[in-house]
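Read through the structure below, which is laid out as structure tokens, and then see the notes.
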Amino acid sequence: MTTKHDDLRQLKDQSQYDFTTTYEYAHRSRKGIGADIVREISALKDEPPWMLDFRLRALDIFFKKPLPTWGPDLSSLDFEEFYYYLRPTKSKARSWDDVPEEIKDTFEKLGIPEAERKFLAGVETQLDSEAVYGSLKKEWESQGIIFVDMDTAVQEYPELVRAHIGRVVPIADNKFSALNSAFWSGGSFVYVPPGVQVDIPLQAYFRINSQSLGQFERTIIIADEGSSVHYIEGCTAPQYSTAALHTGVIEIFVEKGAHARYSTIQNWSRNVYNLVTQRAVVDADGSMEWVDANLGSGITMKYPAVILKGPRAHGEVLSIAFAGAGQHYDAGAKALHLAPHTTSIINSKSISKDTGRSGYRGLVKVAKGAYGVKSKVECDALLLDPGSRSDTYPYIDVHEDDVQIEHEASVSKINEEQLFYLMSRGLSAEQAAVMIVNGFLEPFIKELPMEYAVELNRLVALQMEGSVG
Amino acid sequence: MNTLEIRDLQVRVADEEETGILKGANLVIRAGEIHALMGPNGSGKSTLSYALMGHPRYVVTGGDILLNGESILGLAPDERARRGLFLAMQYPVAISGVTLYSFLRAAVSARRGYGQRAHESDGEHRRSPLIPGREFRQEVRAEMAKLEMDRTFLRRYLNEGFSGGEKKRAEILQLALLKPEFAILDETDSGLDIDALRIVAASVNRLQRELNMGLLIITHYQRILNYIHPDFVHIFYEGQIVKSDGAKLAKKLEAEGYDWVREQFV
Ligand SMILES: Nc1ncnc2c1ncn2[C@@H]1O[C@H](COP(=O)(O)OP(=O)(O)OP(=O)(O)O)[C@@H](O)[C@H]1O
Ligand SMILES: [Mg+2]
């Protein structure tokens, strides 16, 4: 049992290096940061002048902004150590035969579809998207839905992009949003016309290429009046990152009466700094849900936000984090109530083991005049062993009397009586612990589409391997 | 002949100063036999059942437990379960987020060796860790029907919000699916209403016959023994069995209480 676990851990920890060394790039900028690189990126992408301008302004702000003084220790983060633009070759990066057996094995265990496996292993740099979603694409087009990567959007829908980029997450919001704004590459652009309900979740990997899996994805989703859309980002397979710094920015616009949901399953390799700014603005009677699972990366900082600007707008942030050895999550949520009768639900669950740390940092803010607001925050932490740790930092900032805000937090350990009960029915200590942990996560997992729920259960089991008994 | 043998068993609670709770218990249960164990509150009956099942809080300080002639003291609870030991608990715990269905399926799969048994015979390694869903559903529905349990329980979380009697019924459902060689029923009767007791007893009797199971029924009342007829009745007192006899002993206890036991054995 332990050997299998060690193998997997090793695989998780090392494989990204194996992969990176064999990647070939059609283009790679010099190491480090500077205006020359920003210009280079913009020129290579053949961007309009306003986009270059946006990037250059962002770079300026980036230099001026300090690192956050709170949260995880980022002092070892050296911005000069990274490549800021990598464009892989269009041709095959490597052959399937060269992919190490253990990695094929992991894909097998995770039950990842063939097409996706090759892509993830770096055999294909472009998913065979025609095969995966060719017929869907036609249907979407006939409904007026736009679903393209951001680079394409800048070329084909420049006005739409220009009107929305940086509007929910301003360049100057934080150092990493500025960094992303300067160097962004890849990500998705989604527009859903008024009244259109997108039944099937839009999944990033339908159209992903290794570039957009990359460091600085930028995503914009616009759900126009009365429409609804569910977008799913990431896949549960370990993602072998070419760079150890990821700073995404995601901006979502939920117009009147519209509904949007954004689900992430993040499983970056352990060498990655994952610093993401994701925020949605919700107009009257609209609703937004962030569903966020974090299993990978070394340090993660992300606080999905809902800005409830129209009356009766509703926002939810559901998140789970599973911190293992060497992992530190500083995750949470923000709900800004700017209008009357807006409501929010924040539900955060974290699991820590082997000295892993996970923290919840949240803000609920109620502006003056936003009467009749209701907000409910619930944070539950489960510690699997004595060395792991969980922290909660809830901030509440209320400028109105007529509000109802609830906050509940709990920290628990795996219950010995529950373990015994399950074991007395024949489950091994490990199976029993996995079952209890999955039970703890169930309220979250049941929000995911079936295939993701199944994969997440498996991933949790992998994280748990060797942790008990 | 299959046997469960308790030999001079001494047990104390981990991290408690106190001296032992079990002070040399002896009992042999053979396949097909039904034993009833009665005794005052706090005499150590549940401690005995936990120790038999291998609960880590109950430390064996002396004596032995033999299953079919082999000591099981070194085995974890799951290994004991897979070898055919079952404990219907006095206070079953609830586990949030785990449906009764997924729990039962995992338990049945573990007991029947799914996930670990490679099929050497045909050279094919079966990886499926779980019993096929369709086969399992049929089986579980049939057993639930016999116990007159509503199927909707399968979708509920394990023991969460179950009434006292519903929990006990769910324990017997597990017994029925896990088909042990030896089962300990720790106060399964308490909490069951009159009809439920009859239904549960009928299932236990049927299983006992079908599997030729050895049974240890822990109870405070004669009532359940009207349905499940014991071959032996034992009185448990201050950590040991102090008297054994046939079914009539239970009737005597029901009529007279434990005073005479106290007088005789203290
Ligand atoms: N985990 C524990 N920690 C401390 N004391 C314990 C523990 N378990 C049992 N004991 C003590 O050991 C004694 C025997 O308890 P046990 O539960 O075995 O009794 P019982 O015979 O099953 O009683 P009842 O008929 O009330 O179910 C009691 O005095 C009890 O308080
Ligand atoms: Mg008891």
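The conditions of being within 24 Å of A:Ser424 (Cβ to Cβ), within 14 Å of chain A (Cβ to nearest Cβ) and more than 16 Å from ligand 1 (Cβ to nearest atom) are not met by B:Asn205.
Counting only residues that are open to solvent by 20 Å² or more (accessible area, probe 1.4 Å) and in a loop (DSSP other than H, G, I, E, B), which one in region A:426-447 is farthest from the other protein chains (Cβ to nearest Cβ)? Checked region A:426-447; the qualifying residue farthest from the other protein chains (Cβ to nearest Cβ) is A:Glu447. Scanning region B:41-72 for residues being assigned to a loop (DSSP other than H, G, I, E, B) and either within 13 Å of ligand 1 (Cβ to nearest atom) or surrounded by fewer than 23 Cβ atoms within 10 Å (Cβ to Cβ) (or both) gives a total of 10. Among the residues of region B:231-245, those that are open to solvent by 20 Å² or more (accessible area, probe 1.4 Å) and in a loop (DSSP other than H, G, I, E, B) comprise B:Asp231, B:Glu238.
Listed by first and then second residue, the pairs linking a residue in region B:91-114 that is farther than 10 Å from B:Arg156 by Cα and of a type in the set (A, V, I, L, M) to a residue that is part of a loop (DSSP other than H, G, I, E, B) and open to solvent by 10 Å² or more (accessible area, probe 1.4 Å), with Cβ atoms under 6 Å apart and 6 or more places separating them unless they lie on different chains, are B:Ala94/B:Glu160.
Conditions tested, residue by residue: (1) of a type in the set (A, V, I, L, M, F, W, C); (2) surrounded by fewer than 24 Cβ atoms within 10 Å (Cβ to Cβ); (3) under 30 Å from A:Arg458 (Cβ atoms); (4) at pLDDT 90 or above.
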{"position": "A:Val272", "(1), (2), (3), (4)": "yes, yes, yes, no"}
{"position": "A:Met288", "(1), (2), (3), (4)": "yes, no, yes, yes"}
{"position": "A:Gly298", "(1), (2), (3), (4)": "no, yes, yes, no"}
{"position": "A:Leu308", "(1), (2), (3), (4)": "yes, no, no, yes"}
{"position": "A:His314", "(1), (2), (3), (4)": "no, yes, no, yes"}
{"position": "A:Ser319", "(1), (2), (3), (4)": "no, no, yes, yes"}
{"position": "A:Leu336", "(1), (2), (3), (4)": "yes, yes, no, yes"}
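Close Cβ contacts (under 8 Å, 6 or more residues apart or on different chains) running from residues in region B:172-193 that are at positive phi to residues that are open to solvent by 10 Å² or more (accessible area, probe 1.4 Å) and more than 16 Å from ligand 2 (Cβ to nearest atom) comprise B:Lys179/B:Arg111; B:Lys179/B:Leu211; B:Gly191/B:Ser163; B:Gly191/B:Gly165. One residue alone among B:Arg112, B:Arg105 is more than 10 Å from chain A (Cβ to nearest Cβ), charged (D, E, K, R) and more than 15 Å from the chain's Cα centre (by Cα), and that residue is B:Arg105.
Restricting B:Ala250, B:Ala255 to residues that are away from ligand 2 (no atom under 16 Å from the Cβ), surrounded by 21 or more Cβ atoms within 10 Å (Cβ to Cβ) and over 18 Å from the mean Cα position of the chain (by Cα) narrows the list to B:Ala250.
What residue, among those in region B:207-227 that are part of a helix (DSSP H, G or I) and in contact (Cβ under 8 Å) with a residue 60 or more places away in the chain, is farthest from ligand 2 (Cβ to nearest atom)? It comes out as B:Gln208.
What pairs come up if the first residue lies in region B:52-74 and is under 16 Å from B:Glu5 (Cβ atoms), the second is open to solvent by 50 Å² or more (accessible area, probe 1.4 Å) and within 16 Å of ligand 1 (Cβ to nearest atom), and their beta carbons are under 8 Å apart, counting only those six or more places apart or on different chains? Hits for this filter: B:Val60/B:Gln10; B:Gly62/B:Gln10; B:Gly63/B:Gln10. Here B:Arg112, B:Arg105 are screened, and the one residue that is at pLDDT below 95, farther than 22 Å from B:Val13 by Cβ and either out of contact with any strand residue (DSSP E or B) (no Cβ under 6 Å at 6 or more places or on another chain) or surrounded by 19 or more Cβ atoms within 10 Å (Cβ to Cβ) (or both) is B:Arg112.
Of all the numbered requirements in (1) within 16 Å of ligand 2 (Cβ to nearest atom); (2) not in a strand (DSSP E or B), B:Leu37 misses one, and that requirement is (2). Against the test of being open to solvent by 10 Å² or more (accessible area, probe 1.4 Å), of a type in the set (A, V, I, L, M), at the interface with chain B (Cβ under 7 Å from one of its Cβ atoms) and farther than 16 Å from A:Ile320 by Cβ, the options A:Met450, A:Met423 yield a single qualifying residue, A:Met423. Does region B:1-22 hold any residues that are under 18 Å from B:Ser71 (Cβ atoms), touching a Phe, Trp or Tyr at 6+ places or on another chain (Cβ under 8 Å) and within 11 Å of ligand 1 (Cβ to nearest atom), and which are they? Once the filter is applied, which keeps residues that are under 18 Å from B:Ser71 (Cβ atoms), touching a Phe, Trp or Tyr at 6+ places or on another chain (Cβ under 8 Å) and within 11 Å of ligand 1 (Cβ to nearest atom), region B:1-22 yields only B:Val11.
Yes/no matrix, rows are residues, columns are (1) away from ligand 2 (no atom under 16 Å from the Cβ); (2) facing chain A (nearest Cβ under 9 Å); (3) touching a helix residue (DSSP H, G or I) at 6+ places or on another chain (Cβ under 6 Å); (4) not small (Gly, Ala, Ser):
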site: B:Gln10; (1), (2), (3), (4): yes, no, no, yes
site: B:Glu17; (1), (2), (3), (4): yes, no, no, yes
site: B:Gly42; (1), (2), (3), (4): no, no, no, no
site: B:Gly54; (1), (2), (3), (4): yes, yes, yes, no
site: B:Glu70; (1), (2), (3), (4): yes, no, no, yes
site: B:Ala88; (1), (2), (3), (4): no, no, yes, no
site: B:Gly97; (1), (2), (3), (4): yes, yes, yes, no
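Within region A:409-451, being hydrophobic (A, V, I, L, M, F, W, C) and free of Cβ contacts under 8 Å to residues at least 12 places away in the same chain holds for A:Phe420, A:Met423, A:Leu427, A:Met450.
Is it the case, given these coordinates, that A:Gly187 is in contact with a Gly (Cβ under 9 Å, 6 or more places away or on another chain) and open to solvent by less than 10 Å² (accessible area, probe 1.4 Å)? When the stated conditions are applied, A:Gly187 passes them.
Among the conditions (1) away from chain A (no Cβ under 14 Å); (2) more than 16 Å from ligand 1 (Cβ to nearest atom); (3) buried (at least 16 other Cβ atoms within 10 Å of the Cβ), B:Ala25 misses just one, which is (2).
The values are calculated or read from the model by the stated rules, or taken from the named source; none is laboratory data. Every value quoted in this text rests on a predicted model; they were computed, and no experiment measured them. Virtual Cβ from ideal backbone geometry, glycine too; neighbours counted across all protein chains shown. Just the protein is used for accessible areas: all its heavy atoms, side chains included, with ligands, DNA and RNA removed. Shrake-Rupley method; radii C 1.70, N 1.55, O 1.52, S 1.80 Å.
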